[in-house]
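The values are calculated or read from the model by the stated rules, or taken from the named source; none is laboratory data. Everything numeric here is computed off the predicted structure, so don't read it as measured data. Here the Cβ positions follow ideal geometry from the backbone for every residue, glycine too, while neighbour counts run over all protein chains shown. Ligands, DNA and RNA are stripped out before the accessible areas are found, and what is left, the full protein with its side chains, is counted by its heavy atoms. Shrake-Rupley method; radii C 1.70, N 1.55, O 1.52, S 1.80 Å.
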Amino acid sequence: MLVSLSSSTFLTLYFIMLIASCLSGFIFLHSKMPLSFVRIHIFIVALPPLVSLLALINTNSNEVVGLWHLDSLAWLLAFFVLFMGLIIQRFSVRYLMGDRSYRKYFTLFTFTTAAASVAWLSDDLRLMVVCWGITLIGLTLLIRLNSSWKVANEAARVSGRLFAISWVLLSSAVVWLYLVTGQWQLSFVLTDEILAQLGDLERTGINLLIMFAVMIPAAQWPFQRWLIESVVAPTPVSAIMHAGLVNAGGILLTRFSPLFNGDITQMILLILASISVLIGTGISLVQVDYKRQLVGSTIAQMGFMLIQCALGAYLAAIIHLVLHGLFKATLFLQAGSAVRSYHPATSYNKRPSKVSIMFGRGLGLLVGVAFWLMAPEEGYQLVSAIILGWSLSVSWTQLVAFGEGKIARMAGLLFVVVFSVIYFFIHNLFHQWLHTVVYQSEPPMAAVIVVVCILLFGSAIGALVARNQSSTTFAILYLWLVRFGEAKYKSVESHPNYLKQYLFQGGNQ
């Protein structure tokens with residue numbers, strides 16, 4: 001029975017299935033292979049996440065087997081990345097049918113997600129860095145999937161350049177760790193005895209390299225440009241980018257948490273991530289392009305995730321990145337229906353009652369405090385309580401207070417209740433899986449105060465400016481956010497020039 005299999009047996013089965021899915025992608029590249037083979041390919045791609053899920057359910061230990069760190073966190077991340085890849089590839093079967101890069105897309109997609117899953121299973125720092133580099137290369141090639149479009153090439157160039165910087169920074173941190181400790185094995189490097197060998201300057205230097213290495217793929221200020229440019233990529237590519245790759249920063253910081261925790265770098269990350277939250281939220285509010293709204297939301301959400309890591313709430317960060325990945329992938333995959341379902345907004349002309357808004361804020365505060373008091377001895381509870389209370393307040397305002405009529409408000413209330421129940425269920429499930437393998441620490445109260453003050457101050461300034469929309473200050477702030485969320489001139493082309501030659505050839509036939 002599967003429940004009796006050892007971790008090494010699950011690992012062997014996993015890699016057999018993973019290799020089979022990669023070979024399937026290679027086979028599909030051959031021009032003589034019928035396009036109907038993609039159905040078989042999707043079936044084969046479904047096998048690795050199935051094995052990783054079974055391993056996750058049956059893993060109760062924290063084992064290191066050769067080059068691999070086989071704990072519940074590793075299996076969860078492998079399952080999450082591959083499962084999201086499976087869903088998006090299945091969606092792409094019809095969505096991208098007729099695209100000239102149809103075959104290349106599925107092969108690149110399979111290899112990119114496979115490399116990412118191997119990186120998170122690895123306990124060898126060299127293997128982790130190599131696999132993460134392959135993932136970044138695959139993502140760059142997916143962005144420029146339509147290589148005949150100069151806009152896609154420009155976006156890939158911007159992304160590839162920043163990805164290369166991120167990879168070099170992470171590689172430098174890993175090499176520095178090896179030079180100090182003489183070990184490539186991550187689980188051994190992060191023991192208390194080995195970490196004691198690091199001086200304060202060495203530790204801060206390594207942490208700074210890791211911090212900037214994770215901020216780039218997370219699209220944090222001032223490195224958000226690549227994500228804004230990447231909206232030209234096919235929608236399924238954007239979905240996996242936002243669902244399984246952009247949030248890799250939280251994964252890396254969680255893996256390096258014993259090294260990162262307690263260092264001055266945490267405060268630097270807190271400040272930069274808090275600024276990113278405000279900028280990302282502003283971009284999502286002023287943009288009219290649906291995908292750029294989602295990009296702004298991702299920048300803000302990744303900022304929240306890095307704030308959780310900086311406060312030592314790594315378990316909350318893992319829960320956040322998984323739930324955000326599922327939610328954001330769903331929004332991207334339904335992006336094609338956003339235009340068809342659009343109706344002129346009339347509800348914003350009618351302001352909700354102040355009583356309704358204050359009730360939502362009070363409810364958010366009450367739920368946040370109750371959530372924090374449930375387990376005050378665990379550090380991540382405080383951070384989760386702040387974010388949960390804030391999210392509930394915003395959700396109430398948008399879905400209930402701004403609802404049109406009783407039916408809409410009742411539907412919004414039902415939506416808030418259902419998803420709150422789902423959140424608590426997933427939180428408890430993940431806590432059961434990960435509480436023994438994910439490093440946790442009590443967040444310094446000074447750091448929490450800094451984050452809350454930055455977010456409240458930024459929100460208050462935005463609210464005051466927005467109340468007087470005819471003022472010069474509002475116009476300046478609005479136009480700055482619009483400009484900040486727009487791609488460079490080279491990455492914008494309303495009518496793709498590469499289509500002209502095909503239209504012209506078609507007209508002469």
With the requirement that a residue be open to solvent by 20 Å² or more (accessible area, probe 1.4 Å) and either small (G, A, S) or not in a helix (DSSP H, G or I) (or both), what does the stretch 264-290 give you? I264, S284, V288, D289
Tell me whether the stretch 239-255 contains one or more residues that are at pLDDT 85 or above and open to solvent by 20 Å² or more (accessible area, probe 1.4 Å). yes
Residue check, S159 surrounded by fewer than 23 Cβ atoms within 10 Å (Cβ to Cβ) and either of a type in the set (S, T, N, Q) or touching a Phe, Trp or Tyr at 6+ places or on another chain (Cβ under 9 Å) (or both): no
Mind checking whether some residue in the stretch 67-82 is free of Cβ contacts under 8 Å to residues at least 40 places away in the same chain and open to solvent by 50 Å² or more (accessible area, probe 1.4 Å)? no
Testing S31 on (1) outside any helix (DSSP H, G or I); (2) more than 25 Å from the chain's Cα centre (by Cα); (3) closer than 27 Å to Q183 by Cβ, one condition comes back false. Which one is that? (3)
Subset tally (residues that are touching a residue at least 40 places away in the same chain (Cβ under 8 Å) and among the polar types (S, T, N, Q)) for the stretch 162-190: 4
Can you pull out the residues in the stretch 303-332 that are more than 21 Å from V437 (Cβ to Cβ) and in contact with a Ser or Thr (Cβ under 7 Å, 6 or more places away or on another chain)? G303, I307, K328, F332
